[in-house]
Amino acid sequence: MTTPAFDLGLTGQRALVTGAGRGIGLAVTEGLLAAGARVVAGTRNRTEALDDLVERGAELTVVEVDLSTPDGPGALVAAAADLHGGIDVLVNNVGAVRPRVDGFLATTDADWDWTFTINVMAAVRATRSALPHLIATGDGRIVTVSSVNARLPDPLVIDYSAAKAALSSFCKALSKQVGPQGVRVNSVSPGPVETSLWKGSGGVAETVGAGLGLDPGAVAEAAAAQAVTHRFTLPSEVADLVVFLAGRRSGNVTGADFPVDGGMTDTL
Ligand SMILES: NC(=O)c1ccc[n+]([C@@H]2O[C@H](COP(=O)([O-])OP(=O)(O)OC[C@H]3O[C@@H](n4cnc5c(N)ncnc54)[C@H](OP(=O)(O)O)[C@@H]3O)[C@@H](O)[C@H]2O)c1
């Protein structure tokens, strides 16, 4: 194996990615593999993209798991730790959004529960299970995919915004506890990204378009226009930052959150 020119120190490292079937999680999986890591990909449904990687001989194991269940994240972590004898890197990527086009009063307890379960509790539970392994390595890393909505609350995604704010807060607080034990905890906060969450069937553009009587393309265009770059972020552009934070070149970066939003956030 040749050493990458910009060595992130990930060769042979044991990584776990949640929600890895497509979108950002898939791009992170590809990025970690390219950097030399051995990856366990947790996903609800196997995807052709993951199967292709396995067929091409990638150091990748796919675990099918529903991460919205109380035991799903722990089972995934246990499978990864058993397979590789430990975990060096946890990427909490799984998350989902349902735009509340009928407003706050139509958003039920069940809606709030669903949103907090998949966006907050899946990461809390995966982290709780993985932490002993990450501490045991003496150099563990957690990278969590939050959202620009953690800082830009939006009534159209009122519960998602609150959940992502909670998720970012969780990462910051945890970084203080586990830093002295050699575990770094960081998050990235994307703006709109070219994935099915936004542009797929039942995604944000389609749902908001249907709710507001707009063409989904126009909804996406309006979102892109909020970035100073006037475009969506690519999944690989989020993944590159996640992989950097998961690697050893970012060795003294912890408790930090990084927007990847084309300049959409207009404060420092
Ligand atoms: N796309 C954006 O614009 C954007 C912006 C900011 C933040 N984010 C965040 O980035 C992360 C990834 O988003 P994405 O856009 O890549 O989403 P995506 O395209 O919808 O992909 C999500 C992945 O997670 C899996 N997943 C969903 N629910 C699951 C469950 N209960 N158990 C196991 N796996 C599950 C999906 O599997 P299935 O195929 O089975 O559904 C899929 O592989 C999320 O945390 C999201 O909030 C996204």
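Do you know which residues across segment 130-158 are over 13 Å from VAL185 (Cα atoms) and surrounded by 21 or more Cβ atoms within 10 Å (Cβ to Cβ)? Quick ask: steps written out before the conclusion?
Step one: list which residues in segment 130-158 are over 13 Å from VAL185 (Cα atoms), which gives 132-133, 136-138, 147-158.
Those that are over 13 Å from VAL185 (Cα atoms) and surrounded by 21 or more Cβ atoms within 10 Å (Cβ to Cβ): HIS133, SER147, VAL148, ASN149, ALA150, VAL157.
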Test VAL260 against the criterion of being hydrophobic (A, V, I, L, M, F, W, C), crowded, with 18+ Cβ neighbours inside 10 Å and modelled with pLDDT of 95 or more, and give yes or no.
yes
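Could you tell me whether segment 54-63 includes any residue that is among the aliphatic types (A, V, I, L, M), without any contact (Cβ under 8 Å) to a residue 12 or more places away in the chain and not assigned by TED's automatic domain parsing to the domain that holds HIS133?
Restricting attention to segment 54-63, the residues satisfying the condition of being among the aliphatic types (A, V, I, L, M) are 54, 58, 60, 62-63.
From what is left, the residues that are without any contact (Cβ under 8 Å) to a residue 12 or more places away in the chain are 54.
Of the ones still in play, those that are also not assigned by TED's automatic domain parsing to the domain that holds HIS133 are none.
Looking through segment 54-63, none of the residues is among the aliphatic types (A, V, I, L, M), without any contact (Cβ under 8 Å) to a residue 12 or more places away in the chain and not assigned by TED's automatic domain parsing to the domain that holds HIS133.
Quick test for you: out of VAL228, VAL243, VAL208, pick the one residue that is under 30 Å from GLY36 (Cα atoms), β-branched (Val, Ile, Thr) and out of contact with any Ser or Thr (no Cβ under 9 Å at 6 or more places or on another chain). Before you say what the answer is, go through the steps one by one.
Values: VAL228 fails: under 30 Å from GLY36 (Cα atoms); VAL208 fails: under 30 Å from GLY36 (Cα atoms).
Going through VAL228, VAL243, VAL208 in turn, just one is under 30 Å from GLY36 (Cα atoms), β-branched (Val, Ile, Thr) and out of contact with any Ser or Thr (no Cβ under 9 Å at 6 or more places or on another chain): VAL243.
For residues in segment 184-199 being within 6 Å of the ligand (Cβ to nearest atom) and not in a strand (DSSP E or B), which is surrounded by the fewest Cβ atoms within 10 Å (Cβ to Cβ)?
Residues of segment 184-199 within 6 Å of the ligand (Cβ to nearest atom): 190, 192-193, 195-198.
Right, trim to not in a strand (DSSP E or B) and you get 192, 195-198.
Numbers: PRO192: 23, THR195: 22, SER196: 13, LEU197: 19, TRP198: 20.
Filtering segment 184-199 for residues that are within 6 Å of the ligand (Cβ to nearest atom) and not in a strand (DSSP E or B), the one surrounded by the fewest Cβ atoms within 10 Å (Cβ to Cβ) comes out as SER196.
Which one is nearest to the ligand (Cβ to nearest atom) among residues in segment 1-54 that are part of a loop (DSSP other than H, G, I, E, B) and among the β-branched types (Val, Ile, Thr)? Break it down stepwise before answering.
Within segment 1-54, the first condition is being part of a loop (DSSP other than H, G, I, E, B), and the residues that meet it are 1-13, 19-22, 35-37, 44-47.
From what is left, the residues that are among the β-branched types (Val, Ile, Thr) are 2-3, 11, 47.
Numbers: THR2: 30, THR3: 30, THR11: 26, THR47: 7 Å.
The residue in question is THR47.
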Only one of these is within 14 Å of the ligand (Cβ to nearest atom), out of contact with any His (no Cβ under 9 Å at 6 or more places or on another chain) and closer than 30 Å to ASP139 by Cβ: GLU206, GLU237. Name it.
GLU237
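The values are calculated or read from the model by the stated rules, or taken from the named source; none is laboratory data. Note that the coordinates shown come from a computational prediction; the quantities given were computed from them, not determined experimentally. Methodologically, a virtual Cβ is constructed for each residue, glycine included, from the backbone with ideal geometry; neighbour enumeration extends over all protein chains shown.
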